[in-house]
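Have a look at the structure below, then the notes.
The values are calculated or read from the model by the stated rules, or taken from the named source; none is laboratory data. All figures in this text were calculated on a predicted structure; none of them were measured in a lab. Please note: Cβ atoms are built from the backbone with ideal geometry, for glycine as well, and neighbour counts cover all protein chains shown.
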Amino acid sequence: MSRARQEEAAFRKALENLPDKMPRPLGELEQLKKVWEPPKGWRALSAVNNSYIGTFYTGAALLFFILGGVLALIMRTQLAAPMAEVVSQETYNQLFTMHGTIMMFLFAVPAVESLGVLLLPQMLAARDLPFPRLSAFAFWAYLFGGLAFYCSLFFKVAPDGGWFMYPPLTSAEYSPGINADFWLLGIGFIEISAIAGAIEIVVGILRTRTPGMTLANLPVFAWAMLVFAAMVILGFPAIILGTALLEIERTFDWPFFISHRGGDPMLWQHLFWFFGHPEVYIIFLPAAGLMSMIIPMVARARLVAYPLVILALITTGTLAFGVWVHHMYATGIPAMSVSFFSAASMMVSVPAGIQIFAWIATLATGRVKWTVPALFSVAFLITFTMGGLTGVMVAMVPFDWQAHDTHFVVAHLHYVLIGGMVFPLFAAIYTWIPMISNRPLSEKLGRWVFGLIVGGFHVAFLVMHWTGLRGMPRRVFTYPDGLGLNDFNLISTIGAYMIGAGVLLFLFDLARNFRFAPADGEVGNVYGAGTLEWLPSDNYGFRSLPYVTSREPLWDRPELSDEVEKGQWFLPGTPTNARETIVGSPIGSIPQYLMRLPGPGWDHFLAAIATAAFFLMLTVQLYWWSIPFGVAAIAFVFRWVWELDPGRTHDPVEVGGGLKLPVYATGPRSHAWWAVAVLNIVLAMIFACLVFSYFFLWSNQPGGWTPYAVPQPSLASGLVVLGLYLIGIILMAFANHLMGRGSTPATVPLAVGAVLALIAAVAVDTAALAATGLEAKDSGYGAVVYMFQLLEASLGFTLLLMVGFVVARWLGGRLHPERRLAFDCTRQLFYYAAGQGLITFLLLRLFPLVSA
Amino acid sequence: MERPAGLQAEPVATLTTAMTAGAGLLLGLVLIVLVLALFGRPRWRERIGRERTVIILGIGLPVLVLSALLIWGLSLTASLVWPKPTDPLRIRVTGKQWWWDVAYLGGARPRTANEIVIPTGRMAELELESSDVIHSFWVPRLSGKVDMIPGHSNRIYLQARQPGTYLGQCAEYCGGPHALMKFRVIALPPDQYAAWEARQATPALPPRTAAAVRGQSLFLGSACMVCHAVRGTPAAGKVGPDLTHVGSRSTIGAALMPNNVGTLAAWIADTQHIKPGNRMPAFTMPPQDLIALATYLDELE
């Protein structure tokens, strides 16, 4: 019988014994409380528990929402009357750049990610997400990085190139100041934090669901977050590469985007929008997921057409990667291409239509109680429909040629983003605050908040469609009198202040009523929802992890709360006297092993500060100062991961119903292996985007690469490079073989040798290119060719650090054939890097010959 | 949409009206279903609360509406991109931070700035280029917008039905005073256009008044001629707008102010306040010199 079958059988057998009505042993609950005890006072900063980090994270996202909103109010004040002089043109240009950037990168994405961190473990009945310190690190890095980024405004060095930062305007020639660097390094850094969060969410959803929760019973929000995380993993690499290319162009003069030197500014637009359009759905899909949870809650009815809604989420996520050119209709792209993208863009309205009518149908089957979440849900439905309809309009190429880059588009994007994401967010805040606070928000004030925000929104943005059609472009700091724009703009400004008043009132209510109490005294299920997050909970999550057979288990089994609270389900205590959660198979969530989770600590916190400081020093061009911070960041990360992989500290333990689980896993079953696998996908996407860049620049050169790629590097050097890569792969494979046979001492030198061979291969390849006289500064060709080498070299550097860590663990007695995660992760990344190196090598050597 | 005045804007205005009406109808439909779902009689709510609603209204309806719309959109796109004009008036417009260089490629090949004169009833084929950052060429009443991208040459077609002045502006954010990068398209009846073209092609006439004579010597003796060209004089700068017939243009500063001696003088002396960040430095000089210089320019008709 295969291991999977055995596990399934053991699990089914255990289920026969559960819920276990026997009284729980004395002291079990106290022990559980003790290991999950959160740090008190200022030490709360070292917390890693999802309810803490999730709340901090949501709070920080709201802070940036307010900071970004203030900028919007200043802009609307400037635009209230024609030729006003509230702010200067320079300031205005910084304001709209910062407003867009903050709302997209520092508010919207972190806000949905934070709700994932806060809600997912409860919805999935996991004790915590699988990498608590990684989410804590991502949060702190985002907070410090984001605040430093915002402060650039006060020194008048904020980015001013627009939130999509088109070169050549943002190149060193036309933006010589450090303004653009703040954007490129600041945002590049925050994207890394978003990816860390996405890895956490993917592995969390797929591996740490409560035993037996199938994907068919997954709450819609978890489905949405799964699609969200997949999109972050596939979409963000494009902008990471793009920002890297532009920063390298600015700093080292590699002409990726300079047309008269063989680069092309259109390359940026493709990379940016290949990320930028999915970004919109990255923000919207989690909000849609929230709606699919909240609407059934307020209607007290099950979601109609659940399978279709899930299908719609997946379809939207997929289509999102095929529509990026609809931001570029006016760039002169051939009519055939824009027509294709026009059709693809329209297809997106089908999954949107499915969801809208599924929500309406759900409302029809239930009886709505008009609470604040219900009001925001209905406002969302109407507003988002309107945004969707104008979306269809701008998907039509000839209309877009008129509407593009005008206030019509400003109106449209706010309809879909505020209507589609902010309204659901408010509904979500009102819904879930009772889960973490011992007082709910005020229903009475909430109605005013709702009226001001939703009313103000439509006052501000409905007329803006006409402002745009009358010829007012976006991103203008003023407009002339006498063009019929005055009244519209004044109305928009009044609406903006109404939104501001609503948000202010909301903050007042929050200050008055929000009392963070995740452990005890929280108000609980005031709206009578049916999903697991409303089980009675404490810092440890739920007392026991229930087996669920439906999507609204609290509606279907009213006694479930009691059973869970009495510890009658899985993992009622802490068998290993540590924080733990159960890891299961990705589809059926059949328990596989008990994962031990880390508790509070400072290493990830200090690593986040050091990382943020490292990027800040680079931005303000204090390059020498960046070195100690970079070293410190790496050192803290090493201290943090040193305690990981504790090995087989315990024999298999009983987790309830007689089910015995191992306390340790290695290889493809372990959550760590999954995380590295996801990281490899991120790296592969970055590489794919660079390959795209190579072919894009090639296709735009009149003679292809022929004028540039002569002379070619020597054949001898090619054979050496090929040989080194192959030697590296063989050494690593042999190291693995020896590890499997139990011989650690022989493994480690072989792994080191493999990494050194890879680094030597990159070095020889780069030297051979340099020997031909090719320079990165010469042309777009030179720049992209050396960029391949730089990318491979950075993998080599990472592997060097990792293999150094493997050596350290071996010397410290922490590496042996059963305790080998450090080696396995290094090996996995090594194979990826070797593969990427070989493809790079073959592409750069052969393509110029073939294409000539 | 702004009242269309050109062949390329008219069908789009029709499309806009149709889509706005259609969007209104669909929104109305969604609202009716929503209101029935929330407050309707049980019979209605029971009907709406089925998976069938989702399939018919959520999948069927969009597919139907969008297919029709797409066919319209694609055929209109094709007709706008490939208008197959016979003997178009060819003009190269180059976007520059923050003004428009206009070079006629046919006929007497006049060169001007920030003002594009076209004859009514004949199609103009514009080659759109950029010499610095990305700009976007947009005359709402005549046509949609097309970007001007360094290293790329894009094309746009304009044909005005009626004589008139049509406002245009840069639609792609291009830094600094992007908001003030405007221009005008002036459509003239064919005979007036021919006369205009002939006048523009001639070199500048010598200054007539005493002030203008003094102004010319100031112009030629200062930094002006480093950046500006006045055909018929030694001034052949290529950085700023060609000023050979600047007096004949209706505006200055990229359609920022009406063109007269006063505004010209103000522009020269205070350009950085009027249009902050623009590439022309302000020149300080005695008032009488300033007036003389402005008079010279004003006479360049």
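Brief remarks on what is shown
- Applying a threshold of 7 Å to beta carbon distances and a minimum spacing of six or more residues, or different chains, the list of pairs starting in segment A:57-78 at a residue that is among the polar types (S, T, N, Q) and ending at one that is assigned to a helix (DSSP H, G or I) reads A:Thr58/A:Ala111; A:Thr58/A:Ser114; A:Thr58/A:Leu115; A:Thr58/A:Leu118; A:Thr77/A:Thr493; A:Gln78/A:Tyr92.
- Number of positions in segment A:365-421 that are outside any helix (DSSP H, G or I), of a type in the set (Ser, Thr, Tyr) and within 22 Å of A:Gly446 (Cβ to Cβ): 1
- Subset tally (residues that are of a type in the set (Phe, Trp, Tyr), buried (at least 20 other Cβ atoms within 10 Å of the Cβ) and either closer than 28 Å to B:Val81 by Cα or under 25 Å from the mean Cα position of the chain (by Cα) (or both)) for segment A:324-362: 3
- Condition check for B:Tyr173: within 30 Å of A:Pro265 (Cα to Cα), at the interface with chain A (Cβ under 10 Å from one of its Cβ atoms) and among the aromatic types (Phe, Trp, Tyr): yes
- Considering only residues in segment B:257-279 that are touching a strand residue (DSSP E or B) at 6+ places or on another chain (Cβ under 7 Å) and within 14 Å of another protein chain (Cβ to nearest Cβ), the one that is surrounded by the fewest Cβ atoms within 10 Å (Cβ to Cβ) turns out to be B:Pro258.
- Selection count, segment B:140-170, where residues are assigned to a strand (DSSP E or B), among the polar types (S, T, N, Q) and more than 9 Å from every other protein chain (Cβ to nearest Cβ): 1
- So A:Leu774, is it aliphatic (A, V, I, L, M), in a loop (DSSP other than H, G, I, E, B) and either surrounded by 17 or more Cβ atoms within 10 Å (Cβ to Cβ) or in contact with a Phe, Trp or Tyr (Cβ under 8 Å, 6 or more places away or on another chain) (or both): yes
Residues are listed down the side, and each one gets a yes or a no for (1) farther than 29 Å from A:Val463 by Cα; (2) within 37 Å of the chain's Cα centre (by Cα); (3) of a type in the set (Ser, Thr, Tyr):
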site	(1), (2), (3)
B:Gly28	no, yes, no
B:Glu51	yes, no, no
B:Leu69	no, yes, no
B:Ala78	yes, yes, no
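- So A:Val637, is it touching a residue at least 40 places away in the same chain (Cβ under 8 Å) and either within 22 Å of A:Trp42 (Cβ to Cβ) or among the β-branched types (Val, Ile, Thr) (or both): no
- Any hit, segment A:210-231, residues being farther than 30 Å from A:His412 by Cβ, among the aliphatic types (A, V, I, L, M), surrounded by 24 or more Cβ atoms within 10 Å (Cβ to Cβ) and more than 14 Å from chain B (Cβ to nearest Cβ): yes
- Filter result for B:Pro42 (surrounded by fewer than 16 Cβ atoms within 10 Å (Cβ to Cβ) and more than 11 Å from every other protein chain (Cβ to nearest Cβ)): no
- Matching residues in segment A:22-73 - criterion: being in contact with a strand residue (DSSP E or B) (Cβ under 9 Å, 6 or more places away or on another chain) and under 30 Å from A:Phe96 (Cα atoms): A:Thr55
Every residue, every condition in (1) of a type in the set (A, V, I, L, M, F, W, C); (2) buried (at least 21 other Cβ atoms within 10 Å of the Cβ); (3) over 30 Å from A:Ala361 (Cβ atoms); (4) within 11 Å of another protein chain (Cβ to nearest Cβ), yes or no:
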{"position": "B:Glu51", "(1), (2), (3), (4)": "no, no, no, yes"}
{"position": "B:Ile55", "(1), (2), (3), (4)": "yes, no, no, yes"}
{"position": "B:Lys96", "(1), (2), (3), (4)": "no, yes, yes, no"}
{"position": "B:Ile118", "(1), (2), (3), (4)": "yes, yes, yes, no"}
{"position": "B:Glu125", "(1), (2), (3), (4)": "no, no, yes, no"}
{"position": "B:Val133", "(1), (2), (3), (4)": "yes, yes, yes, yes"}
{"position": "B:Trp138", "(1), (2), (3), (4)": "yes, yes, yes, yes"}
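- Residue in segment B:174-188 that is of a type outside the set (A, V, I, L, M) and over 28 Å from B:Asn278 (Cα atoms) present: no
- The number of residues in segment A:433-476 that are of a type outside the set (Ser, Thr, Tyr) and more than 13 Å from every other protein chain (Cβ to nearest Cβ) comes to 28.
- Leading residue by the ranking (farthest from the other protein chains (Cβ to nearest Cβ)) among those in segment A:166-183 that are among the hydrophobic types (A, V, I, L, M, F, W, C) and crowded, with 24+ Cβ neighbours inside 10 Å: A:Phe182
- Qualifying positions in segment A:432-446 - assigned to a helix (DSSP H, G or I) and either at pLDDT below 95 or out of contact with any helix residue (DSSP H, G or I) (no Cβ under 7 Å at 6 or more places or on another chain) (or both): A:Trp432, A:Ile433, A:Pro434, A:Met435, A:Ile436, A:Glu443, A:Lys444
- For segment A:572-584, the count of residues that are surrounded by fewer than 21 Cβ atoms within 10 Å (Cβ to Cβ), more than 30 Å from A:Ile627 (Cβ to Cβ), in contact (Cβ under 8 Å) with a residue 12 or more places away in the chain and of a type in the set (D, E, K, R) is zero.
- Filtered by the rule that a residue be buried (at least 17 other Cβ atoms within 10 Å of the Cβ) and out of contact with any Leu (no Cβ under 7 Å at 6 or more places or on another chain), segment B:232-251 gives B:Gly240, B:Pro241, B:Asp242, B:Arg249, B:Thr251.
- Candidate set: segment B:177-187, residues that are farther than 16 Å from A:Thr406 by Cα and surrounded by fewer than 22 Cβ atoms within 10 Å (Cβ to Cβ); chosen: the one nearest to the other protein chains (Cβ to nearest Cβ): B:Arg184
- Taken together, the residues in segment A:249-267 that are at the interface with another protein chain (Cβ under 10 Å from one of its Cβ atoms), in a helix (DSSP H, G or I) and not polar (S, T, N, Q) amount to 4.
- Flag for A:Gly484 being surrounded by 21 or more Cβ atoms within 10 Å (Cβ to Cβ), modelled with pLDDT under 95 and among the small types (Gly, Ala, Ser): no
- In this structure, A:Ala395 does not satisfy being facing another protein chain (nearest Cβ under 10 Å), small (Gly, Ala, Ser) and out of contact with any Ser or Thr (no Cβ under 6 Å at 6 or more places or on another chain).
- Residue identified as surrounded by 17 or more Cβ atoms within 10 Å (Cβ to Cβ) and in contact with a helix residue (DSSP H, G or I) (Cβ under 8 Å, 6 or more places away or on another chain) among B:Leu69, B:Leu7, B:Leu27, B:Leu31: B:Leu69
- Scanning segment A:348-368 for residues that are more than 7 Å from every other protein chain (Cβ to nearest Cβ), at pLDDT 95 or above and more than 17 Å from B:Trp44 (Cβ to Cβ) returns A:Pro351, A:Ala352, A:Gln355.
- Matching residues in segment A:573-601 - criterion: being hydrophobic (A, V, I, L, M, F, W, C) and either at pLDDT below 95 or touching an Asp or Glu at 6+ places or on another chain (Cβ under 9 Å) (or both): A:Ala578, A:Ile587, A:Ile590, A:Leu594, A:Met595, A:Leu597
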